[in-house]
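This report refers to the structure that appears directly beneath it.
Every read-out reported here was derived from the displayed coordinates using simple, explicitly stated rules and does not represent laboratory data. Since the structure is predicted, the reported quantities are computational estimates derived from the model, not experimental observations. Reconstructed Cβ throughout: ideal geometry from the backbone, glycine too, with neighbour counts over all protein chains shown.
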């Protein structure tokens, strides 16, 4: 199975209406983002998305929300978008399978 390297953390262009400042991320938000970023790395290391695909992590600048996408590496087309909780669950299951098999 080919391993896919994790995409670097990216930020999306701000789409907030003019004059409205987005809320600052809380400690809880930052902890979630660190956990999701590590989970994305785990999934990419395991080749979870499949050959020619990678899972990417970014923060929407307007909402400060975590955005996780499955992207075709050659076309950069977004194939799916996943909620952060789902990514954490997948990574936990992947880690459990790895521990149980070896």
Take 66, 26 and order them by how many other Cβ atoms sit within 10 Å, fewest up front. 26, 66
Length-normalised contact order for the range 25-95 - Cα pairs under 8 Å, 6+ apart - percent: 29 percent
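Determine the gain in length on full extension of the stretch residue 41-residue 77; use 0.36 nm per residue of separation and subtract their C-alpha separation, reporting nm with one decimal.
11.0 nm
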Just to verify a number: FRET efficiency for residue 96 and residue 34, C-beta to C-beta distance, R0 = 25 Å, to 0.05? 0.80
